[in-house]
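The values are calculated or read from the model by the stated rules, or taken from the named source; none is laboratory data. Predicted model, so just to flag it, every value in this text is computed and none were measured. Cβ placement follows ideal geometry from the backbone for every residue including glycine, while neighbour counts extend to all protein chains displayed. We work out accessible area using only protein heavy atoms, side chains counted, and drop any ligands, DNA or RNA first. Shrake-Rupley method; radii C 1.70, N 1.55, O 1.52, S 1.80 Å.
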Amino acid sequence: MSSIRKIKYNEYSVEADYWKGLRDAIPKFHEQGLTFDYLESIATSANEKRKSRYTDAVNAYKKFLGKKEIQWFDPGKSFWTFENLSVKSHAELGLVINEQPHLVKLYFKQDPIDKRRSKTALALMVASTKSDTNTDAMHSILDVNKNKLYLASEDQDDLDILLALDGEAAQFIQIWNSI
């Protein structure tokens with residue numbers, strides 16, 4: 001309940017959003033066709049507490065891109081709804097990677113996202129209402145630090161995941177309205 005109280009009563013703070021600088025810089029890097037120098041400058045200009053991890057993330061992202069053929073497209077916006085709850089679920093990146101379009105959500109945290117956790121987020125992304133985006137794009141999550149791209153699948157587990165998400169959303173709404 002304390003996490004729901006925090007969401008309800010605390011305002012969003014850019015200063016507290018650890019990865020905002022890179023989350024904003026990487027799409028700009030692709031959209032404007034900038035060089036890696038741009039991303040490196042974001043890392044080196046970050047405050048001292050973030051500089052090392054930003055630099056590691058930029059290096060990992062460069063490694064992920066490697067020699068892949070990459071083209072940018074606007075990923076648009078998307079949201080998942082349950083009753084009167086709306087959750088932003090849009091990808092930060094729209095990338096054509098080796099001729100396959102991807103809607104890419106960036107994951108920067110040190111603790112790696114595993115296949116089970118990625119499936120929940122990917123199922124939510126797939127079930128979301130989208131603005132004008134590439135409809136045949138693969139939904140994916142990039143674990144930047146581990147250089148691993150997780151892709152959405154279409155199987156029975158996704159339906160079960162969505163049922164569980166509906167249950168959690170109903171519980172969230174109940175607690176939200178009670179505090």
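Residues in the stretch 140-166 that are surrounded by 15 or more Cβ atoms within 10 Å (Cβ to Cβ), among the polar types (S, T, N, Q) and not in a loop (DSSP other than H, G, I, E, B): S140 alone.
The residues of the stretch 17-41 that are over 15 Å from E92 (Cα atoms) and open to solvent by 40 Å² or more (accessible area, probe 1.4 Å), listed by number, are Y18, G33, L34, T35, F36, D37, Y38, E40, S41. Which condition number does V58 fail, the rest of (1) of a type in the set (V, I, T); (2) in contact (Cβ under 8 Å) with a residue 12 or more places away in the chain; (3) open to solvent by 30 Å² or more (accessible area, probe 1.4 Å) being met? Of everything listed in (1) of a type in the set (V, I, T); (2) in contact (Cβ under 8 Å) with a residue 12 or more places away in the chain; (3) open to solvent by 30 Å² or more (accessible area, probe 1.4 Å), V58 misses just condition (3). Filtered by the rule that a residue be modelled with pLDDT of 90 or more and touching a helix residue (DSSP H, G or I) at 6+ places or on another chain (Cβ under 6 Å), the stretch 125-142 gives H139, I141. In the set A137, A169, only one residue is open to solvent by less than 40 Å² (accessible area, probe 1.4 Å) and more than 30 Å from T35 (Cβ to Cβ); that residue is A169. Could you look through the stretch 91-104, keep only residues that are closer than 11 Å to I141 by Cα and touching a Pro at 6+ places or on another chain (Cβ under 7 Å), and pick out the one that is surrounded by the most Cβ atoms within 10 Å (Cβ to Cβ)? Applying the filter and picking the extreme gives L103. Scanning the stretch 105-134 for residues that are surrounded by fewer than 11 Cβ atoms within 10 Å (Cβ to Cβ) and either in contact with an Asp or Glu (Cβ under 9 Å, 6 or more places away or on another chain) or of a type in the set (S, T, N, Q) (or both) yields Q110, D132. A count restricted to the stretch 143-159 and to residues that are at pLDDT below 85 and either within 12 Å of T120 (Cβ to Cβ) or touching a strand residue (DSSP E or B) at 6+ places or on another chain (Cβ under 6 Å) (or both) stands at 2. Condition (residue is under 13 Å from P27 (Cβ atoms), touching a residue at least 12 places away in the same chain (Cβ under 8 Å), in contact with a Gly (Cβ under 9 Å, 6 or more places away or on another chain) and part of a loop (DSSP other than H, G, I, E, B)) applied to the stretch 102-125: is it met by at least one residue? No, the stretch 102-125 contains no residue that is under 13 Å from P27 (Cβ atoms), touching a residue at least 12 places away in the same chain (Cβ under 8 Å), in contact with a Gly (Cβ under 9 Å, 6 or more places away or on another chain) and part of a loop (DSSP other than H, G, I, E, B). Count of the stretch 62-84 residues, restricted to those that are within 24 Å of A121 (Cα to Cα), in a loop (DSSP other than H, G, I, E, B) and either open to solvent by less than 60 Å² (accessible area, probe 1.4 Å) or among the basic types (K, R) (or both), is 4.
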